[in-house]
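A quick write-up on the structure given underneath.
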Amino acid sequence: MAKKGKGNRIQVILECTEQRESGTPGMSRYITTKNKKNTTQRLERKKYNPCMKKVTLHREIK
């Protein structure tokens with residue numbers, strides 16, 4: 001039987017670091033989930049930024 005109760009997975013928002021530093025208009029953000037029990041640090045992923053038209057580093061924001 002499956003365990004019931006609160007899950008360890010939470011939704012997090014990833015925001016582009018290069019676009020934030022450059023000050024260009026618009027913002028690239030992605031929503032994903034992570035297991036807060038196994039991954040205690042902030043997530044960092046390389047994702048496509050449509051405003052800059054290239055792949056950039058996206059970090060978790062709170």
Please give every one of the aspartates and glutamates within straight-line cross-link reach of K53, meaning a C-alpha to C-alpha distance under 14 Å, and leave out same-chain neighbours fewer than 8 residues apart.
E18
Counting only protein heavy atoms and using a 1.4 Å probe, what share of the accessible area of the chain belongs to carbon plus sulfur, as a whole percent?
49
How large are Rg and Dmax for the chain when calculated on the C-alpha trace, in angstrom?
14.6, 51
Relative contact order as a percentage, the chain, C-alpha pairs under 8 Å and 6+ apart, gives 39
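The values are calculated or read from the model by the stated rules, or taken from the named source; none is laboratory data. Not measured: the values here are computed from a predicted model. These accessible areas exclude ligands, DNA and RNA; they are computed on the full protein's heavy atoms, side chains included. Shrake-Rupley method; radii C 1.70, N 1.55, O 1.52, S 1.80 Å.
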